[in-house]
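See below for the structure under consideration.
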Amino acid sequence: MEVPNGHHGRDLWQYGPVYKEILYEVDDPVATITLNRPEALNAWTPRMGLEVRHAVAQAEQDPAVVGSILTGAGRGFCAGADLNVLSELTRGGGFSDEEAAQELASSPGDPSFGEDLQGEYTYLMAVPKPIIAAINGPIAGMAVPIALACDLRFMAEDAVLTTAFSQRGLIAEWGISWLLPRLVGSATALDLLFSSRKLTGTDAAQLGLVNLALPGSELLAHSRGYVEELAARCSPTSLATMKRQVYQWLHAGLGPAEREAYKLMLESFGRPDFAEGVKSFQERRAPRFKRLGQ
C-alpha cells in the first residue's frame, strides 16, 4: 500500500484516512500541515477544517513531534472560506460536511486547558505542543483567526493579510474579537476589522500581529529551525505547561496566576527534566529531555 502525504513509511493505522485537502508530513521533530488547494488559494472548506483537526491530533499524539507548522501550498496561505461554501450559506445551507466528520473524527487538545479553548478553532491553543503558522502568502477572512489561534506566526514580508469580514456583510468571526485586541490593542483591532485594509507581512510584524516577517524563501526553513531549536534545548513538558499557563490566565487575575505558578514551580523541582536541565548546564552540553508521550 502506498504511504500517503509524506509519512516516511510510518504505519498507516496511525494516520487513518488519506487526506484530500491537506498534506501531512512528519520529519522529526516537526509535523508540517499544508493546506493543499493551491488552485483556490487554499480556500477553507468544512473538510479542510476536519482534516487539519485530525492532523493536529496525530501530531499531538506522536512522540516524534515536538512542534507543528501550519502553512499553505502554492502562492497563498488561505483565502478564507471557499466561495462555493459562502454561496451555499446565503441559500440557507450549513458550514459542515457530515460524511467527512464521521471519517475524520478527532478531539485534539488537552481539556485541562479549560473550556474556553475547546472551540471550533481555538482548540489549537489547547494542544500541548507549539503550533506555528507559517504565512507564506495571502491570508483573509476566517483564516486570520485560525492563524491567530496558533502560538506563533511567521509571515512572508510581501504576503498580504486582510480581515475582509466587513466587506462581506459579516461580523468578527471565530473568536477574532477576543484574539486580535490582545495582540494589537482595541483601537488597532477595530481599525483592521472596520476597514478590512490590507497589511503586508512587514506591516503585520510592526503591529505585533505576527512575530516575524522575513523573505518568503526563508519562511519554512526558519519555522522548522525554530522547532528544531526547541527540540534540542527545551523540555517538552515545560513547553506544554507554559502554554497552558499563558492561555489559561490570559483573561484572569494576576494573583491566581502567580499562586498557580508557585505550585507548578514546586512540582517541576521534582521532575526528571529539572535534574537534567541543571546537570546539562553544569556539564556544558545540550539537555536530553524526554518527548511528550515517551
Kindly indicate whether residue 184 is at pLDDT 95 or above and surrounded by 15 or more Cβ atoms within 10 Å (Cβ to Cβ).
no
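Go through the range 149-164 and count every residue that is in contact (Cβ under 8 Å) with a residue 60 or more places away in the chain and outside any loop (DSSP other than H, G, I, E, B). Don't jump to the end; show me each part of the working.
Filtering the range 149-164 down to residues in contact (Cβ under 8 Å) with a residue 60 or more places away in the chain leaves 150-152, 154-156, 159, 164.
If we keep only those that are outside any loop (DSSP other than H, G, I, E, B) too, we end up with 152, 154-156.
Count: 4.
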So how many residues does the range 150-167 have that are open to solvent by less than 30 Å² (accessible area, probe 1.4 Å) and either of a type in the set (Ser, Thr, Tyr) or closer than 17 Å to residue 192 by Cα (or both)?
6
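How many residues are of a type in the set (Gly, Ala, Ser) and within 14 Å of residue 212 (Cβ to Cβ) if we restrict to the range 129-148?
Of the residues in the range 129-148, the ones of a type in the set (Gly, Ala, Ser) are 133-134, 137, 140-141, 143, 147.
If we keep only those that are within 14 Å of residue 212 (Cβ to Cβ) as well, we get 133-134, 147.
Qualifying residue count, the range 129-148: 3.
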In the range 68-105, what residues are more than 18 Å from residue 146 (Cβ to Cβ), at pLDDT below 80 and not hydrophobic (A, V, I, L, M, F, W, C)?
84, 87, 88, 90, 91, 92, 93, 94, 98, 99, 102, 103
In the range 119-128, what count of residues is obtained for those that are within 19 Å of residue 143 (Cα to Cα), assigned to a loop (DSSP other than H, G, I, E, B) and touching a Ser or Thr at 6+ places or on another chain (Cβ under 9 Å)?
1
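Sort out which residues of the range 58-75 are under 21 Å from residue 142 (Cα atoms) and either surrounded by fewer than 22 Cβ atoms within 10 Å (Cβ to Cβ) or without any contact (Cβ under 8 Å) to a residue 40 or more places away in the chain (or both), and write them in order of number.
Filtering the range 58-75 for residues under 21 Å from residue 142 (Cα atoms) gives 68-75.
Of everything in the range 58-75, those that are under 21 Å from residue 142 (Cα atoms) and either surrounded by fewer than 22 Cβ atoms within 10 Å (Cβ to Cβ) or without any contact (Cβ under 8 Å) to a residue 40 or more places away in the chain (or both) turn out to be 73, 74, 75.
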Residues of the range 106-149 satisfying the condition of being under 15 Å from residue 250 (Cβ atoms) and either of a type in the set (D, E, K, R) or modelled with pLDDT of 90 or more (or both):
115, 116, 124, 125, 126, 148, 149
Here the residues within the range 168-180 that are surrounded by fewer than 17 Cβ atoms within 10 Å (Cβ to Cβ) and not in a loop (DSSP other than H, G, I, E, B) are 168, 177, 178
Does the range 278-287 include one or more residues that are open to solvent by 80 Å² or more (accessible area, probe 1.4 Å), outside any helix (DSSP H, G or I) and modelled with pLDDT of 70 or more?
yes
Take the residues of the range 103-115 that are touching a residue at least 12 places away in the same chain (Cβ under 8 Å) and outside any loop (DSSP other than H, G, I, E, B): which is most open to solvent (accessible area, probe 1.4 Å)?
111
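Count, please, the residues in the range 132-142 that happen to be assigned to a strand (DSSP E or B) and open to solvent by 10 Å² or more (accessible area, probe 1.4 Å).
First, the residues of the range 132-142 that are assigned to a strand (DSSP E or B): 132-135, 139-140.
Restricting the remaining residues to those that are open to solvent by 10 Å² or more (accessible area, probe 1.4 Å) gives 140.
Residues meeting the conditions: 1.
The values are calculated or read from the model by the stated rules, or taken from the named source; none is laboratory data. Just so it is clear, the structure is predicted and the values come from calculations on it, not from any experiment. In this analysis, Cβ positions are derived from the backbone assuming ideal geometry, glycine residues included, and neighbour counts consider all displayed protein chains. Protein only, heavy atoms only, side chains kept; ligands, DNA and RNA dropped before computing areas. Shrake-Rupley method; radii C 1.70, N 1.55, O 1.52, S 1.80 Å.
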